[in-house]
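The values are calculated or read from the model by the stated rules, or taken from the named source; none is laboratory data. Keep in mind it's a predicted model, so treat the numbers as computed, not measured. Cβ coordinates were reconstructed from backbone atoms using ideal geometry, including for glycine residues, and neighbour counts include every protein chain displayed. Ligands, DNA and RNA are stripped out before the accessible areas are found, and what is left, the full protein with its side chains, is counted by its heavy atoms. Shrake-Rupley method; radii C 1.70, N 1.55, O 1.52, S 1.80 Å.
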Amino acid sequence: MTSNAIIRTDPGEPIIEVVDLGRDFVLSEGPFLRRTRRTVTAVRDLTFTVRPGEIVGCLGPNGAGKSSTMKMLTGILTPTSGRARVAGMEPARQRTRLAREIGVVFGQRTTLWWDLPLRDSLALTRHLYRVPGRAHAERLAELTELLELGPFLDTPVRQLSLGQRMRGDITAALLHAPRLLVLDEPTIGLDVVSKSTIRDFLLRTNSERGTTILITTHDLGDVERLCERVMVIDHGRLVFDGALPRLRAAVPTPRMLVVDLASASGEIEVTGARTVRVEGPRQWLELRDNPARVIAEVTREHEVVDLTLREPDIEAVVSSLYRGADPVEEAGSR
Amino acid sequence: MADTHRRIVPGDEPGEGDGGARLAVTKLLRPFLDYRRLAWLWVRAAAQYPLSLALMSLAVTTGVLTQVGAVVIVFGHAGTLAGFTVYEGLLVFALASSAFGIADMFAGSVERLGHHVRTGSFDAMLIRPVSPLVQVAADEFSPRRLGKVVPALVVLGIALVNVDVEWSYLKMALLALTMLSGVLICSAIWVISACVQFFVAGAREAANSLTYGGQALTEYPIAIYGEEIVRSVTYVVPLAFVSWQPALLVLDRPDPLGMPEYLRHTGPAVAVLLCACAALVWRTGLRHYRSTGS
Ligand SMILES: Nc1ncnc2c1ncn2[C@@H]1O[C@H](COP(=O)(O)OP(=O)(O)OP(=O)(O)O)[C@@H](O)[C@H]1O
Ligand SMILES: [Mg+2]
């Protein structure tokens, strides 16, 4: 995607700087007296930087440590090792001051007040962040239009649909014009239209205001639409950090040739490709070799009605990356 | 690009060149202003159901009045208890009740800390530029708690008028100060016991037995409980400074158990010390806060 071409005039100093960041959880298990303690490492030796104006996507399987990382960056969790600097501050120690510089959205839960109409929740946010009235009114009007909040501004938050609530949450996170927006699964459970509204909005916020965006997601559509840069975390480790095209190149995932034959037949056998699936007259061939050669051979030997060549989708790339990462031994129990 | 990061809030903070003193004062007041803002919100929410609010307040008031009745009966029956007359007994009761009532009104919600931790709403509090302690304390602030404070203060007034005491301005000021200390002591104990919930899930019951049990203990002249208990609530969990020592101060009476007399003047110091402890425990709890897995 090129629509998010950001004018990055001054890379400036990094807005996020993370060195060897790690977080352990000590779990107590079992009945009261025979309780055993086990250490689980959620994040280990994470090192990366994010420059102002970037949109960085954070991918990884369930339990990889993405949320734990976001919580350390926002000061909710104290790291057990390493250090983080966000907007020039140490998150856990300067949490309250940092809160004014960043906006945070947790897709799984709301930061709004459950029983209040959305409008009141937003007004309260304004007071807590001490945004002057006029600036607030302007910003709210703008966000109301862009995120189409109008119809439910006066509805109590608990009555909002998931998509409406999420838009409300994003608004609350942006009213104080933060430099950095941290989103943890903001599109989880949303329909196509809501997703696209939110994605467009995020792109716009990034390009117009230069807001840095760090987003974790399981939705690769988010990544393809939004992020120039992707970080893949697996078992608490950073297994890939780079541009999206590089991610594709990093993991050799074969292209797929889909062949429609005139009639059902046995598996096609050609050199340079392997048939991986047969469904009546349609067969899927995983390419190992120059596609032109394979196609020529297939059409010579068989009666072909139709042919399509498929690029590996990002989903396949990422899942092979997860599988490729060496499994991490659970930290010793005692 | 240069101006994209400009905060949209010129003149938001009292300007840097605004004089350090004013800045310091604003900073100091900030938690209270935030508290007021959040509490007001809940008051407005509660006001939407006036009947329910009135009924709940009435229930609370009835509870207090029942306890007052119990005190009157106990003392009236025995004539005096541990050397305390009915009005003196009511004084102890009212000092305890009003201190606990006021503390409960302003800080009682901290006992719901575990709930916030479990549901993840504590995470949301941590990402706001407001002390999470203020947010937890102000959560679900309810005017119905006045249903306890007001009758307690009325009983206190009645008791003060009827006890045999020579009043001076100094004594009144001392009384006000000890009462404030009592409120702070109760709130601090509340916060400390709530912090257990940072470490142990479902510790609310344990915390409640300390706070509410402590309240029951202070409602009578503690001399009646015997020396061990008096010592522990003086030196360990300093509940004696909520009602017992202030009562001795007002009544100008030597300690029946022969504890040092200067103790009755140390309430404010104890309160400050305990608040410092509470702040420390809270900070430690925050540092060990582990959020939830999802
Ligand atoms: N509060 C906690 N107490 C104990 N263990 C935790 C806690 N929070 C996270 N963990 C553990 O840390 C690991 C990483 O969890 P985390 O929530 O960061 O994963 P995630 O990448 O966000 O996963 P998902 O995609 O499912 O949201 C998991 O093994 C989880 O069980
Ligand atoms: Mg997560």
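Brief remarks follow.
- In the range A:197-220, of all residues being in contact (Cβ under 8 Å) with a residue 12 or more places away in the chain and open to solvent by 50 Å² or more (accessible area, probe 1.4 Å), the one that is nearest to ligand 1 (Cβ to nearest atom) corresponds to A:His218.
- Hey, A:Val105 of a type in the set (Val, Ile, Thr), touching a residue at least 40 places away in the same chain (Cβ under 8 Å) and touching a strand residue (DSSP E or B) at 6+ places or on another chain (Cβ under 7 Å) or not: yes
- Of the residues in the range A:180-191, at least one is away from ligand 2 (no atom under 16 Å from the Cβ), outside any loop (DSSP other than H, G, I, E, B), touching a residue at least 40 places away in the same chain (Cβ under 8 Å) and open to solvent by less than 10 Å² (accessible area, probe 1.4 Å).
- On the stretch given as the range B:237-263, residues that are assigned to a helix (DSSP H, G or I) and either touching a residue at least 24 places away in the same chain (Cβ under 8 Å) or touching a strand residue (DSSP E or B) at 6+ places or on another chain (Cβ under 6 Å) (or both) total 10.
- Qualifying residue in the range B:128-146 (condition: open to solvent by 30 Å² or more (accessible area, probe 1.4 Å) and among the β-branched types (Val, Ile, Thr)): no
- Of residues in the range A:221-248 being among the aliphatic types (A, V, I, L, M) and open to solvent by 10 Å² or more (accessible area, probe 1.4 Å), the one farthest from A:Phe48 (Cα to Cα): A:Leu244
- Given (1) away from ligand 2 (no atom under 16 Å from the Cβ); (2) open to solvent by less than 40 Å² (accessible area, probe 1.4 Å); (3) at pLDDT below 90, index of the condition A:Thr144 fails: (3)
- At least 2 residues being open to solvent by 30 Å² or more (accessible area, probe 1.4 Å) and more than 12 Å from every other protein chain (Cβ to nearest Cβ) is the threshold, and among the strands (runs of 3 or more DSSP E) wholly inside the range A:32-112 those reaching it are A:36-50, A:81-86.
- Complete set of residues in the range A:113-124 that are at the interface with chain B (Cβ under 8 Å from one of its Cβ atoms) and open to solvent by 10 Å² or more (accessible area, probe 1.4 Å): A:Trp113, A:Asp115, A:Leu116, A:Asp120
- Matching entry among B:Asp123, B:Asp104 (being open to solvent by less than 10 Å² (accessible area, probe 1.4 Å) and among the acidic types (Asp, Glu)): B:Asp123
- Looking only at residues of the range B:261-294 that are away from ligand 2 (no atom under 16 Å from the Cβ) and within 14 Å of another protein chain (Cβ to nearest Cβ), we find that the one that is surrounded by the most Cβ atoms within 10 Å (Cβ to Cβ) is B:Trp282.
- Where A:Thr212 falls short, out of the listed (1) within 16 Å of ligand 2 (Cβ to nearest atom); (2) over 18 Å from A:Ser319 (Cβ atoms); (3) within 14 Å of another protein chain (Cβ to nearest Cβ): (1)
- Selection status of B:Glu166, in a loop (DSSP other than H, G, I, E, B), open to solvent by 20 Å² or more (accessible area, probe 1.4 Å) and within 14 Å of chain A (Cβ to nearest Cβ): no
- Any hit, the range B:78-94, residues being open to solvent by 20 Å² or more (accessible area, probe 1.4 Å), of a type in the set (Ser, Thr, Tyr), within 26 Å of B:Glu219 (Cα to Cα) and in a loop (DSSP other than H, G, I, E, B): yes
- Restricting the range A:160-179 to residues that are under 25 Å from A:Leu116 (Cα atoms) and of a type in the set (D, E, K, R), the residue that is surrounded by the fewest Cβ atoms within 10 Å (Cβ to Cβ): A:Arg165
- Candidate set: the range B:122-148, residues that are assigned to a helix (DSSP H, G or I) and modelled with pLDDT under 90; chosen: the one farthest from the other protein chains (Cβ to nearest Cβ): B:Lys148
- Unmet requirement for B:Arg6, which otherwise passes all of (1) at pLDDT 80 or above; (2) within 14 Å of chain A (Cβ to nearest Cβ): (1)
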